[in-house]
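The values are calculated or read from the model by the stated rules, or taken from the named source; none is laboratory data. From a predicted model like this one, the values you see are computed outputs, not experimental measurements. Please note: Cβ atoms are built from the backbone with ideal geometry, for glycine as well, and neighbour counts cover all protein chains shown.
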Amino acid sequence: MSQKISADVLICGAGAAGLTLAIELARRAIPFRIIEQMQDPFCGSRGKGIQPRTQEVFEDLGVIDRIVAAGGTYPPQCEYREDGSEDVSDVMTLPAPTDAEPYQIPLLVPQFLTERVLRERLQELGHQVDYGVKLVAFEQDEDGVTARMAGPAQEVVERFRYLVGADGGRSFVRHTLAIDFPGKTLGVRALVADVEIEGLSRDFWHRFGEGDMARQISICPLAGTGMFQVQGPIALDGDVDLSAAGLSAILADRSGRSDLVVTAVSWASAFHMNARLADRYRVGRVFLAGDAAHTHPPTGGQGLNTSVQDAYNLGWKLAAVLAGAPNDLLDTYEAERRPIAAQMLGLATSLLEAAKAGLIRRGREVHQLDLCYPGSRLAMENPARDNGALAGDRAPDAIMQGAAGQQIRLFNLFCGTHWTLIGHEVEAGDGPRPRPGLHIHRTGPRGDLIDTGAELKTHYGLSSGEWVLVRPDGYIGAIVTADELPSLEPYLAFVGLEIGSDGNGR
Ligand SMILES: Cc1cc2nc3c(=O)[nH]c(=O)nc-3n(C[C@H](O)[C@H](O)[C@H](O)COP(=O)(O)OP(=O)(O)OC[C@H]3O[C@@H](n4cnc5c(N)ncnc54)[C@H](O)[C@@H]3O)c2cc1C
């Protein structure tokens, strides 16, 4: 194929997954194009729960404070019982933040606000979404992917090195690749609507008819807006009136209250819940990310979070391979992310079963802080460890001190596109040679870091002379002892951090 490459990566779809991937590529100066078939950004609130692990990702992307400012936290829920009594309780168990896990509280941010913040970040990095452009065909060969896109004026054919289908549950990319999407429809159809309701307190997540699938309805104030999100199961078939009058009638019927009048509907949808997982996440130069690869029921607020983290995993790997790392590195994307999605499908489905019985509980299992990649080719321990943090685990935060005396969080050191290697109680000259893309820090005599509260030592379970390597996406890549440091070199070469023939790294 002789056509010139337009950009390295084509991202199809500008939802949470596509936007996150775009930011990751933009931060690494990888040429890409992101297209979206809709004329304008999506305006619904649906994925409104931002889990603690995603908050860590958003810190690294430089948007966490803006996300918090755009939304808020979940209010307590108020359950209205048949007998007229009300029961107010917290929806979630909220442990206090710790130095190792600074984010513990799930945020409530309407999806359109999260996506707005991500788009603004992308603009800061010099890129924007091409709206009104639909991917209508593509084919791949050894060197690239040729994509046909229908734009506002005409169809264009362009060539890219890689294509990422971040194009949602009905993924055109997945269908074109004929990737199976096995799973099941869960026998639940629900409505979700962003509405204005006059006179209803915004201090509670109001829940009526819990445990009764024919009557259940919840009304959650949407932080950052004057709206509420109405959600509830509906009959499996038939039309549903999602107008203001129709929704008011549903609310009156299920709550028994005539004062809950919907005055405006900003967005509304009726959907069947599915739990499905793509058989493959990669075919040659084409990848699936986000809902294109997995669809979950909304229970537990996992879908958007899993989608953001797919993109966060894929972004640095695509960039590394485009810069010369072995192509096999890209296989670790499916190997790491598909089992996570399988786990999430199980969790969201079991929470749906609990919700059907009127049990709303959200504990640590939905926070995604314990997700890890233990069997990954990118998880190396030398020698093998049986306690402390393990390779493949999420890299904990820790509060330390710089040699200059200022307080430093490990997450500050991780923030950016680089890898981080830290030697615990090592000598000044110890460790591998410096190279681009790797930041090396040391504690110990003449180290640039001081482990004042022994947090590095305890959070990672390190012994003197051990080194911990942290990936750009905040997972522990490797832990090695001083004697085994040479074994780090093949690992570093695999991820594109080898020393060049001139001794200076590429
Ligand atoms: C009621 C409800 C509540 C939810 N609550 C939560 C929650 O609390 N927390 C949570 O984490 N998740 C939640 N989710 C799930 C969450 O909304 C999705 O997981 C998330 O939107 C997935 O993001 P994505 O970028 O993968 O896909 P999408 O957001 O679907 O984006 C895909 C984009 O691709 C575009 N596209 C498709 N085909 C093409 C094409 N051929 N060319 C160009 N563009 C194309 C689409 O127009 C779309 O904009 C909820 C979902 C629902 C329905």
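May I ask you to list the residues in the stretch 254-281 that are within 16 Å of the ligand (Cβ to nearest atom) and without any contact (Cβ under 8 Å) to a residue 60 or more places away in the chain?
Looking only at the stretch 254-281, we keep the residues that are within 16 Å of the ligand (Cβ to nearest atom), and these are 265-278, 281.
Matches in the stretch 254-281: TYR281 only.
Please verify whether the stretch 108-126 includes one or more residues that are of a type outside the set (A, V, I, L, M, F, W, C), in contact with a Phe, Trp or Tyr (Cβ under 6 Å, 6 or more places away or on another chain) and without any contact (Cβ under 8 Å) to a residue 40 or more places away in the chain.
no
What strands (runs of 3 or more DSSP E) lie completely within the stretch 1-92 and have 3 or more residues being modelled with pLDDT of 95 or more and within 12 Å of the ligand (Cβ to nearest atom)?
Because the criterion is at least 3 residues that are modelled with pLDDT of 95 or more and within 12 Å of the ligand (Cβ to nearest atom), the strands (runs of 3 or more DSSP E) in the stretch 1-92 that meet it are 5-12, 32-36.
Does ASN412 satisfy the condition of being in a loop (DSSP other than H, G, I, E, B) and either over 28 Å from GLU489 (Cβ atoms) or out of contact with any helix residue (DSSP H, G or I) (no Cβ under 6 Å at 6 or more places or on another chain) (or both)?
Criteria not met by ASN412.
Would you say LEU469 is farther than 24 Å from PHE58 by Cβ, surrounded by 15 or more Cβ atoms within 10 Å (Cβ to Cβ) and in the same structural domain as ALA384 (by TED's automatic domain parsing)?
Criteria not met by LEU469.
How many residues are within 15 Å of the ligand (Cβ to nearest atom), of a type in the set (A, V, I, L, M) and over 13 Å from LEU10 (Cα atoms) when one looks only at the stretch 142-155?
Number of matching residues: 1.
Applying the selection to the stretch 159-179, what residues are assigned to a loop (DSSP other than H, G, I, E, B) and within 10 Å of the ligand (Cβ to nearest atom)? Walk me through how you get there before you give the answer.
Looking only at the stretch 159-179, we keep the residues that are assigned to a loop (DSSP other than H, G, I, E, B), and these are 166-171, 177-179.
Within the stretch 159-179, ALA166, ASP167, GLY168, GLY169, ARG170, SER171 qualify.
Answer yes if at least one residue in the stretch 153-167 is in contact with a Cys (Cβ under 6 Å, 6 or more places away or on another chain) and among the acidic types (Asp, Glu), and no otherwise.
yes
Would you confirm, using the coordinates I've provided, whether ALA137 is outside any loop (DSSP other than H, G, I, E, B), within 14 Å of the ligand (Cβ to nearest atom), of a type outside the set (S, T, N, Q) and surrounded by fewer than 16 Cβ atoms within 10 Å (Cβ to Cβ)?
It is true that ALA137 is outside any loop (DSSP other than H, G, I, E, B), within 14 Å of the ligand (Cβ to nearest atom), of a type outside the set (S, T, N, Q) and surrounded by fewer than 16 Cβ atoms within 10 Å (Cβ to Cβ).
When you go through ASP393, ASP386, ASP397 one by one, which is the residue that is in the same structural domain as LEU469 (by TED's automatic domain parsing) and under 16 Å from ASN313 (Cβ atoms)? Step through it out loud before you land on a result.
Working: ASP386 fails: under 16 Å from ASN313 (Cβ atoms); ASP397 fails: under 16 Å from ASN313 (Cβ atoms).
Being in the same structural domain as LEU469 (by TED's automatic domain parsing) and under 16 Å from ASN313 (Cβ atoms) holds for just one of ASP393, ASP386, ASP397, which is ASP393.
Within the group ASP203, ASP194, which residue is of a type in the set (Asp, Glu), away from the ligand (no atom under 16 Å from the Cβ) and more than 22 Å from the chain's Cα centre (by Cα)?
ASP203
Are there any pairs, at least 6 apart or on different chains, whose C-beta atoms fall under 6 Å, with the first in the stretch 225-249 and within 24 Å of THR185 (Cβ to Cβ) and the second polar (S, T, N, Q) and within 16 Å of the ligand (Cβ to nearest atom), and if so, which?
GLN229/SER45; GLN231/SER218; GLY232/GLN216; PRO233/GLN216
Going by the conditions given, is GLY301 of a type outside the set (Asp, Glu), within 12 Å of the ligand (Cβ to nearest atom), in contact (Cβ under 8 Å) with a residue 60 or more places away in the chain and outside the structural domain of HIS206 (by TED's automatic domain parsing)?
So GLY301 passes the test.
For GLN216, only one of the following conditions fails: (1) polar (S, T, N, Q); (2) surrounded by 19 or more Cβ atoms within 10 Å (Cβ to Cβ); (3) within 11 Å of the ligand (Cβ to nearest atom). What is its number?
(3)
From the set of residues in the stretch 93-126 that are of a type in the set (Asp, Glu) and surrounded by fewer than 18 Cβ atoms within 10 Å (Cβ to Cβ), which is farthest from ARG66 (Cα to Cα)? Give the steps one after another, and end with the answer.
Step one: filter the stretch 93-126 for residues of a type in the set (Asp, Glu), giving 99, 101, 115, 120, 124.
Adding the requirement that they be surrounded by fewer than 18 Cβ atoms within 10 Å (Cβ to Cβ) leaves 99, 120, 124.
Details: ASP99: 22, GLU120: 10, GLU124: 13 Å.
Per the criteria, the residue is ASP99.
Can you pull out the residues in the stretch 441-477 that are basic (Lys, Arg) and outside any loop (DSSP other than H, G, I, E, B)?
Answer for the stretch 441-477, where residues must be basic (Lys, Arg) and outside any loop (DSSP other than H, G, I, E, B): ARG442, LYS457.
If I filter the stretch 282-298 down to residues being near the ligand (Cβ under 10 Å from one of its atoms) and either surrounded by fewer than 24 Cβ atoms within 10 Å (Cβ to Cβ) or not small (Gly, Ala, Ser) (or both), which single residue comes out as nearest to ARG364 (Cα to Cα)? Break it down into steps so the answer makes sense when it comes.
From the stretch 282-298, those near the ligand (Cβ under 10 Å from one of its atoms) are 288-298; that's our starting set.
Those left that are additionally either surrounded by fewer than 24 Cβ atoms within 10 Å (Cβ to Cβ) or not small (Gly, Ala, Ser) (or both): 288, 291, 294-298.
Numbers: LEU288: 28, ASP291: 23, HIS294: 22, THR295: 21, HIS296: 18, PRO297: 18, PRO298: 17 Å.
Within the stretch 282-298, the match that is nearest to ARG364 (Cα to Cα) is PRO298.
Output the qualifying pairs, or none if there are none: Cβ atoms under 9 angstrom, residues six or more apart or on different chains, first residue in the stretch 154-173 and more than 14 Å from VAL133 (Cβ to Cβ), second residue of a type in the set (Lys, Arg) and within 11 Å of the ligand (Cβ to nearest atom).
Final answer for the pair search is GLY165/ARG174.
Out of ASP331, ASP310, which single residue is away from the ligand (no atom under 16 Å from the Cβ) and closer than 18 Å to ARG174 by Cα?
Selected residue: ASP331, the only one of ASP331, ASP310 that is away from the ligand (no atom under 16 Å from the Cβ) and closer than 18 Å to ARG174 by Cα.
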